[in-house]
2 protein chains.
Amino acid sequence: MFQKDYDKLQQIANKISDINSAIFLLEWDQQTNMPQEGAAERAEQIGTLSTISHQEATSNQLGNLLDKLSNFQKDLDPESYEFCLIKVMQRDYEQKTKIPADLIGRFSQATAIGQHKWERARHENEFNIFEESLSEIFELRKQMAKCHSPFDCIYDPLLDEFEPEMATKTVQDIFNIIKPQQIALIQKIQEDYKRNPIDDSFLFQNFDEKKQWDFGVKVLTDMGYDWKSGRQDKAAHPFTTTFGLGDVRITTRIHSNNFMSGLFSSIHEGGHALYEQGVARNLQRTSLGTGASLAIHESQSRLWENMVGRSLSFWHHYYPILQAIFPSQLGNVSINNFYRAINKVEPSLIRVEADEVTYNLHIMLRLELEIALLNGEIQVSDLPDVWNCKMQEYLGVTPDSDANGVLQDVHWSCGIIGYFPTYALGNMISAMFFDKAKSSLDNLDAKISQGNLLPLRNYLKETLHCHGAKFTPNELMKKIFNSKIDESFYINYLSNKYEEINSMI
Amino acid sequence: MFQKDYDKLQQIANKISDINSAIFLLEWDQQTNMPQEGAAERAEQIGTLSTISHQEATSNQLGNLLDKLSNFQKDLDPESYEFCLIKVMQRDYEQKTKIPADLIGRFSQATAIGQHKWERARHENEFNIFEESLSEIFELRKQMAKCHSPFDCIYDPLLDEFEPEMATKTVQDIFNIIKPQQIALIQKIQEDYKRNPIDDSFLFQNFDEKKQWDFGVKVLTDMGYDWKSGRQDKAAHPFTTTFGLGDVRITTRIHSNNFMSGLFSSIHEGGHALYEQGVARNLQRTSLGTGASLAIHESQSRLWENMVGRSLSFWHHYYPILQAIFPSQLGNVSINNFYRAINKVEPSLIRVEADEVTYNLHIMLRLELEIALLNGEIQVSDLPDVWNCKMQEYLGVTPDSDANGVLQDVHWSCGIIGYFPTYALGNMISAMFFDKAKSSLDNLDAKISQGNLLPLRNYLKETLHCHGAKFTPNELMKKIFNSKIDESFYINYLSNKYEEINSMI
């Protein structure tokens, strides 16, 4: 009986995965290829397939099947594919069936309107245009959160949607520890810069776009990105998407007058893609055939972007190559000055452009605002002022406009609330992975200095990627680190790195 | 009551259309972008969505709704959107529900295998590899045809699937008339060539691919192809696909050593795309939001490719432009010699490379073989020999290999039987449209000679395109020409054209 029911579950898993892959393709195409007049029909197509996917994932048939199969869980190895598929589908089913259909419908409508309003508000630099719509989105998210009660904090179920089993309190505890340390580090670095200023103007000369693209492709290839199972395209807002374990695509942007933007976006998305390409093939066409969570995913992209891509070791190998490609721009710039420039710390307004040291503060601000809004401590109408005050407090800068302040991120307009902390958690976890890789692999730095990136890729694949979404983030942390998230690795990494940079003259 | 049921029908129509658009995108991406390792999962995704689409299109709910709504048809204007949507969905429902699900399943499996076998057989030039699989495909198609009994000819329901209401007898009658005339014309032209030979070798020099692409884009733009509602990409086998009336995409191929291939493929697909882009917007997201049939569709692509793109008038405008782009290749070639070369008639082995005069004979051969196989007059194992005999009889050439003979087309391996005649019917209808356009528009030739192609586009849009699939091909022919398909227009067009060409020295 188990086998028959399990096969049926597998079929449903395959069906849902296939539908979701089609949705991802509709979305990828929307960002990379779609002509402008296709937008309205495309939105309907995504809506229709999302509804079908949701119906499949919440059907009574699936519920009954999971009920029956859960009786067999005790006889299965908790690390087995079967156990994990039942577990993950059960979790997903429970999450999704808790929200009434009419609430989901209202939420879809509100976010469809929200995105239009946000775009207009941002374009016209007029928060008022977005205010009413954003209030409704927060109100609906609050109602959706309440469907998951009881909880310690109303933010818990929202966070849990993106980061399974993560508690708000855990994030807040971590943030409370790192906030003063990061602020102190920023101040120290700014003092250092007074004695030892950084000139990064050479990064903003004219760099041929095709040559930038080709250099990025070379790095991605060295990282082990499998071009037979993926491709890279241009998109205004880079992202990685998976249509199947044999088709993991990345996007990047290239700016002729900003060398860093394209390369680090390619490496970042490449980090995400290596994770997906590294998932064991037998997990394909199920919800196990992807990364474990957003924070774990972000740990991989940040590790490659920052700990590898912004390391001196990396550039020992790649800088001479880059200089040969751009002799007039970089021929007279020493590797040390290049390294210092690409790691320049500068409190700024825009999260996605923030450096490694200031980045987490942008996240903390957002988390605090999201919780305060959900708790009713502030109103949506207060947002612009509170945003600007906190920016001044944490980063010492005040937005010149709401477009560069509270309106900068797309997330809230799409109803994505509870997501931001995963970026910062990803930073924490990336440092743990890099530390572990260094102690597990002989002379990792030396390998990276030779452009030999595959040992790191293979280590990550064997340690993490192959498991796909079989285990929760907590289970993975326990399995790999025998520990919870430990923020000290990231703080140590930053301190050591900027200590080293400051010692360079 | 009508309105409520009708709204429900509209919703189902929208849902099916959205799912089908996603399938078309999965297929487009497969041909244009997909990395090779994505193939297996992509096939599953297309299969899953096709099953969902089929279930929606054959549901009891839809059947009941159509039953109820058909009672209201007598009160509706037969040209109204509502009447036509009910009519077309009824037809589709009846067609699809006649085939048992298990037969559809067996057919899907057989064609999945068939495509692999065909590819291998073609690659290895070994018909035996494909024989057993092709036998099964024909057997299953026969069984599917029988589900539609009674019929005059077993080929009728297969043809009807691609060309609604078209009878095999009608096609055979037309072919019986044109076959001797086309064979005679080929012989006459070959006699003419003896006195007045054609040198087309300059078409096979090296033509920069980017410049070819740009010239094609210019022509497409002049034709009125709307780039805000579409795009062009490269594909090995060019096709047009519609994801929505605001997103109609074409594909083309570019060969550096064959100037004609890319340009005429772009114009051909552009003709298909103008049809889809010209459909009235209120038909979007339903099965009315596309062309009426394959033959009507092909009439548009052929009209643009051959009657416009291979006309002397067209090149009066474009040839000087082309010469300026390719001075070393074409600078010394007169327009008359260019025109004669792009219209060179030469019996050859491959259908898709055939000229206007020999093309239909390739189709007649295929129709005769398909009917003979379905009637049991020949067996699949006889195919290579019969194919080669008929090629010799009709075209005076014998394939050097099965790869260049019976294995050249993908259609049968996909189970597409009953499709080929629509290509030839499209030729017939294209001549009727072009004749009608000439008599309806002042000085059409002169306009084309000035590169002013929009009057023709607009005429076709108003006369045909706007109707989408509201009417059957027969209804359209009656409405537009007050006639059935009349093959004399095409024969006259060919005779006149080659008379003119022969008079050029």
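Just so it is clear, none of the values below were taken in a lab; they were calculated from the coordinates. Because the structure is predicted, anything quoted here is derived from the model rather than measured. Here the Cβ positions follow ideal geometry from the backbone for every residue, glycine too, while neighbour counts run over all protein chains shown.
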### Query
Once you list every other residue whose beta carbon is under 12 Å from the beta carbon of B:Gln181, what net charge do they have if Lys and Arg are +1 and Asp and Glu are -1?
+1
#### Entry: Calculated label separations, A:Asp226, copies of the chain, 7 Å along the beta-carbon direction, nm
4.2
### Message
At a 10 Å Cβ-Cβ cut-off, how would you order A:Tyr419, B:Tyr81, fewest neighbours first?
### Response
B:Tyr81, A:Tyr419
### Task
Every other copy gets compared here: list the nm distances from the A:Gln187 label point (7 Å along Cα to Cβ) to its counterparts, shortest first, one decimal.
10.2
### Query
From the label point of B:Pro320, set 7 Å from Cα along Cα→Cβ, how far away are the matching label points in the other copies, in nm, ordered shortest to longest?
5.8
## Note on the structure
The correct pairing of chain B residue and whole-Å distance, for the Cβ nearest the axis that maps B onto A, is B:Ala22, 2
### Query
In sequence order, what are the phi-derived ³J(HN,Hα) couplings for the range B:201-214 according to the Karplus relation 6.51 cos²θ - 1.76 cosθ + 1.60 with θ = phi - 60°, rounded to whole Hz, with x for glycine and proline?
5, 5, 6, 10, 7, 8, 10, 3, 5, 5, 5, 4, 4, 5
### Query
With a sphere of radius 11 Å drawn around the Cβ of A:Thr170, what net charge do the other residues whose Cβ falls strictly inside it have (Lys, Arg +1; Asp, Glu -1)?
-4
### Task
Could you size up the charge dipole of the range B:12-55 around its Cα centre, putting +1 on the beta carbon of Lys and Arg and -1 on that of Asp and Glu, and report it in debye to the nearest 20?
180 debye
#### Entry: A:Asp233 long-range amide H proximity, modeled H, under 5 Å
A:Ile250, A:Thr251, A:Thr252
### Query
How crowded by other chains is A:243-255, given as the mean number of beta carbons from other chains within 10 Å of each beta carbon?
4
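Sort the following peptides by mean Cβ neighbour count (other Cβ atoms within 10 Å, averaged over residues), highest first: B:194-207, B:489-502.
Details: B:194-207: 13.4, B:489-502: 17.5.
Going from most to least packed, we get B:489-502, B:194-207.
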#### Entry: Cβ neighbours within 10 Å from other chains - mean over B:12-19
4
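What's the average, rounded to a whole number, of partner chain beta-carbon atoms within 10 Å of each residue's beta-carbon in B:354-363?
Working: counts 0, 0, 0, 0, 0, 0, 0, 0, 0, 0.
The shielding value for this peptide is 0.
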### Task
Estimate the FRET efficiency between A:Asp385 and B:Lys228 by the formula 1/(1 + (r/R0)^6), using the beta-carbon distance for r and 35 Å for R0, to the nearest 0.05.
0.30
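Can you tell me the dipole magnitude for the protein assembly as shown around its Cα centre, using point charges on the Cβ only (Lys, Arg +1; Asp, Glu -1), in Debye to the nearest 20? Before the final figure, lay out each step's value.
Working: 98 positive and 136 negative charges, 93 e Å.
Value, rounded to 20: 440 debye.
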## Note on the structure
Charge dipole of the range B:2-162 built from unit charges on the beta carbon (Lys, Arg +1; Asp, Glu -1), centred at mean Cα; most positive-end Cα among B:Gln109, B:Gly63, B:His148 is B:Gly63
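Let me make sure I get this right: for the range B:2-162, a, b and c are the square roots of the gyration tensor eigenvalues over alpha carbons, sorted descending. Under 1.5 in a/c it's rounded, otherwise prolate if a/b > b/c, else oblate. Which is it? If you can, show how the numbers build up before the last one.
Numbers: a/c = 2.78, a/b = 1.61, b/c = 1.73.
Cα axes put the range B:2-162 in the oblate bin.
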### Task
Could you go through the range B:247-260 in sequence order and give the Karplus-derived ³J(HN,Hα) for each residue, using 6.51 cos²θ - 1.76 cosθ + 1.60 with θ = phi - 60°, rounded to whole Hz, and x for Gly and Pro?
8, 10, 9, 10, 10, 9, 10, 10, 10, 5, 9, 8, 5, 5
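Ordered by packing density, taken as the mean number of other Cβ atoms within 10 Å over each peptide's residues, highest first, how do A:266-274, A:457-465, B:372-380 rank? Walk me through the numbers before you get to the answer.
Numbers: A:266-274: 27.3, A:457-465: 19.0, B:372-380: 15.9.
Going from most to least packed, we get A:266-274, A:457-465, B:372-380.
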### Query
Considering amide H positions built from the backbone, and no H for Pro or chain starts, which residues 5 or more places from A:Asn258, or on another chain, come under 5 Å of its amide H?
A:Phe207
### Task
Be a star and scan the range A:125-166 for residues whose amide nitrogen sits under 20 Å from the point 7 Å along the Cα-to-Cβ vector of A:Lys96.
A:141, A:144-149, A:157-165
### Query
So what's the gap between the Cα centers of the range A:320-363 and the range A:44-90, to the nearest angstrom?
45 Å
#### Entry: Using a Förster distance of 41 Å, the FRET efficiency for B:Cys466-B:Ser149 (Cβ separation, nearest 0.05)
0.65
### Message
Restricting things to Cα coordinates, could you compute the convex hull volume per residue of chain A in Å³?
### Response
148 Å³
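Would you compute, from DSSP H runs of 4+ residues alone, the mean residue ellipticity of chain A at 222 nm, taking -39500 (n - 2.57) per run and dividing by the full residue count, rounded to the nearest 500?
Values: 21 runs with 316 residues, N = 505.
Mean residue ellipticity at 222 nm (helix-derived): -20500 deg cm²/dmol.
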### Message
So if I place +1 on the C-beta of Lys and Arg and -1 on the C-beta of Asp and Glu, and nothing else carries charge, what would the dipole magnitude of chain A be about its Cα centre? I want it in debye, nearest 20.
### Response
1200 debye
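So what's the projected area for the protein assembly as shown, the Cα convex hull averaged over all directions, in nm²? It would help to have the intermediate numbers written out before the result.
Values: hull surface 180.8 nm².
Orientation-averaged projected area of the Cα hull: 45.2 nm².
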### Query
For the range B:89-104, in order, what is each residue's ³J(HN,Hα) by Karplus, 6.51 cos²θ - 1.76 cosθ + 1.60 with θ = phi - 60°, in whole Hz (x at glycine and Pro)?
5, 4, 4, 5, 4, 5, 4, 6, 7, 6, 9, x, 4, 5, 5, 4
